[in-house]
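A quick write-up on the structure given underneath.
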Amino acid sequence: MEVVDNPGGFAKALAARRAAGRGVGLVPTMGALHAGHRSLVARAAARDGFAAVTIFVNPLQFGERADLDAYPKDLDADLEVAASAGAGLVFCPDAEQMLPGGGLLTSVRVAGLSEPWEGASRPGHFAGVATIVTKLLCLAGPCRAYFGEKDYQQLLVVRRLAADLCLPVEVVGCPTVREPDGLALSSRNVRLTSEQRARATVLHRALCQGAKAAAAGERRPEAVRRVMADVLASEPAVSVDYVAAVDPDTLTVPETLAGAVRLLVAARIGDVRLIDNLGAAVGTAQSDPSDGLPVPALRGA
Ligand code: AMP
């Protein structure tokens, strides 16, 4: 596995691969790699024959300095996980290489999609994500780029910026990998105490109850929201930021739910903020066929 820390070397390595008639699958991450990331790398390697992982803890997408400082960083461990998941290249630039002189004067903002939910709770977050993802995609050149549904709003934002800016990339959404008890894998989970970790399963339980209500034919978004809020309220240690049933394409709350629905939740447990989401279908018992169950072959990161 090749390891590159400068943007020019990264662009050159991927261009050389394409020049040899080979494909490129790109997996942008912030490191602290776990089985969720591994599943993206494995998909990229299987479909494109080559997975390039980027590891960059993007300061532009953190509002609070403390959150950035607390973000887990262990490059040696990440390189091991990337190699064992089948990555062919890791691009791990430092902040100066991605943000020379301390910052960029250019920013990418995806209006509308970036504004509600995570956007409202974390002002500037999606502009930070969109700017750095655009930079990575420009460096990478033509490729498939794999993003997790775990960050569902981010996936929509990236899809939209790639389409709006005619970037030569196919954005591929990948199912959320979960622990056996339903907790979505997240780099932030390591900051939970074992008691908080047990309580955190309430997010997935709430989403499942919301999906069940929708499947049973509940069409009122507020009623589905209340079902989820009631489950969340059963864990007083969990402080809800938002919980909603939304249109899966626009992320707006429709007057009436019909067809596909996306259920969203964000909550704090202690000082750890967790997000999760689930697809559901009104009047259809099958909830989110694409949602990842634990992937045994990929676990252990
Ligand atoms: P991050 O390093 O948290 O920025 O995540 C990098 C990529 O991995 C993003 O596309 C995430 O959506 C994806 N990801 C994070 N957690 C999971 C998970 N549990 N299952 C699948 N993909 C994930």
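The values are calculated or read from the model by the stated rules, or taken from the named source; none is laboratory data. These figures come from a predicted structure and were not determined experimentally. A quick note on method: Cβ atoms are made from the backbone with ideal geometry, for glycine too, and the neighbour counts reach across all protein chains shown. The accessibility values were calculated without ligands, DNA or RNA, using every heavy atom of the protein model including side chains. Shrake-Rupley method; radii C 1.70, N 1.55, O 1.52, S 1.80 Å.
Summary table
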{"quantity": "Sole residue being open to solvent by 10 Å² or more (accessible area, probe 1.4 Å) and more than 17 Å from the chain's Cα centre (by Cα), chosen from VAL90, VAL81", "calculated": "VAL81"}
{"quantity": "Scan of the range 195-217 for residues that are open to solvent by 10 Å² or more (accessible area, probe 1.4 Å), outside any helix (DSSP H, G or I) and within 15 Å of ALA229 (Cα to Cα), ordered by number", "calculated": "THR201"}
{"quantity": "Members of the range 121-134 that are under 19 Å from GLY173 (Cβ atoms), more than 12 Å from the ligand (Cβ to nearest atom) and among the aliphatic types (A, V, I, L, M)", "calculated": "ALA130"}
{"quantity": "Residue ID - farthest from PRO100 (Cα to Cα), chosen from residues in the range 3-28 that are surrounded by 24 or more Cβ atoms within 10 Å (Cβ to Cβ) and within 15 Å of the ligand (Cβ to nearest atom)", "calculated": "GLY25"}
{"quantity": "Cβ-Cβ under 8 Å pairs, at least 6 apart or on other chains, the range 67-91 side at pLDDT 95 or above, far side among the basic types (Lys, Arg)", "calculated": "VAL81/ARG38; SER84/ARG38; ALA85/ARG38"}
{"quantity": "Flag if GLU96 is open to solvent by 60 Å² or more (accessible area, probe 1.4 Å), free of Cβ contacts under 8 Å to residues at least 24 places away in the same chain and over 29 Å from ARG17 (Cβ atoms)", "calculated": "no"}
{"quantity": "Pick from the range 274-298, criterion modelled with pLDDT of 95 or more and open to solvent by 20 Å² or more (accessible area, probe 1.4 Å), ranking: farthest from ARG205 (Cα to Cα)", "calculated": "ALA281"}
{"quantity": "Unique residue being open to solvent by 30 Å² or more (accessible area, probe 1.4 Å) and among the acidic types (Asp, Glu) when the list is ASP69, ASP48", "calculated": "ASP69"}
{"quantity": "Residue count for the range 135-178, restricted to those that are open to solvent by 20 Å² or more (accessible area, probe 1.4 Å), over 15 Å from VAL110 (Cα atoms) and either more than 12 Å from the ligand (Cβ to nearest atom) or polar (S, T, N, Q) (or both)", "calculated": "7"}
{"quantity": "ARG191 being without any contact (Cβ under 8 Å) to a residue 24 or more places away in the chain and in contact with a strand residue (DSSP E or B) (Cβ under 6 Å, 6 or more places away or on another chain)", "calculated": "no"}
{"quantity": "Qualifying residue in the range 255-262 (condition: aliphatic (A, V, I, L, M), surrounded by 14 or more Cβ atoms within 10 Å (Cβ to Cβ), assigned to a strand (DSSP E or B) and modelled with pLDDT of 95 or more)", "calculated": "yes"}
{"quantity": "Scan of the range 113-137 for residues that are more than 16 Å from LEU68 (Cβ to Cβ) and outside any helix (DSSP H, G or I), ordered by number", "calculated": "LEU113, SER114, GLU115, PRO116, TRP117"}
{"quantity": "Check on THR176, in a loop (DSSP other than H, G, I, E, B) and in contact with a strand residue (DSSP E or B) (Cβ under 8 Å, 6 or more places away or on another chain)", "calculated": "yes"}
{"quantity": "Residue within the range 2-21 that is under 22 Å from LEU155 (Cβ atoms) and in a loop (DSSP other than H, G, I, E, B) present", "calculated": "no"}
